[in-house]
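I'd like to ask you about the structure that follows.
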Amino acid sequence: MRRFLLDTHIWLWAATEPHKLTSEVHRLLNSPETDRFLSPISLWELSVLVQKKRFALKEDFAVWVQRSISDLNLKETSLSWKVAYEMRYILPNHKDPADRFLAATAVAYDLTLVTADQKLIGVPGLKVLANV
């Protein structure tokens, strides 16, 4: 079983613009042998994007999120002591705490992070499936 943590952009692309996913990422995310996970940081980032009008929703935020999670068959990770512990060590000099939280979640839950963020590709100790 493959276990992937979708970063915020991958989640939004999978839900609304799947053509932005590479054929490999699309194939792996849609495989019946894949478990897909979402971090609480992605929910927060989406709320910021909506608030700043950088991502438009035609329905209520909570309704859209619940439908997206259901449609994509996503499992939600939680903030735990393991995530907090990993945040102390992963990307210590990285300026974006959301990236650090996402990476720490992937490490704590032993997930492969699916991302297009070049800053997260090649981080020691972080398994990444790059959408590039």
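The values are calculated or read from the model by the stated rules, or taken from the named source; none is laboratory data. No experiment lies behind these values; they were computed from the predicted model shown. When we count neighbours, we look across all protein chains shown, and the Cβ atoms used for this are built from the backbone with ideal geometry, even at glycine. Quick note on the areas: whole protein, heavy atoms, side chains included, nothing else; ligands and nucleic acids left out. Shrake-Rupley method; radii C 1.70, N 1.55, O 1.52, S 1.80 Å.
Counting only residues that are part of a loop (DSSP other than H, G, I, E, B) and under 14 Å from the mean Cα position of the chain (by Cα), which one in region 1-56 is surrounded by the most Cβ atoms within 10 Å (Cβ to Cβ)?
Top of the filtered list is SER39.
So which residues in region 81-125 are aromatic (Phe, Trp, Tyr) and either closer than 23 Å to THR34 by Cβ or touching a Lys or Arg at 6+ places or on another chain (Cβ under 9 Å) (or both)?
Across region 81-125, the qualifying residues are PHE101, TYR109.
Do you know which residues across region 57-75 are in contact (Cβ under 8 Å) with a residue 24 or more places away in the chain and open to solvent by 70 Å² or more (accessible area, probe 1.4 Å)?
ASP71, ASN73, LYS75
Right, another one. Could you check how many residues of region 72-97 are more than 22 Å from ILE10 (Cα to Cα) and hydrophobic (A, V, I, L, M, F, W, C)?
Within region 72-97, residues that are more than 22 Å from ILE10 (Cα to Cα) and hydrophobic (A, V, I, L, M, F, W, C) number 2.
Within region 1-41, track down each residue that is closer than 13 Å to TYR109 by Cα and among the aromatic types (Phe, Trp, Tyr).
Passing the criteria: PHE4, PHE37.
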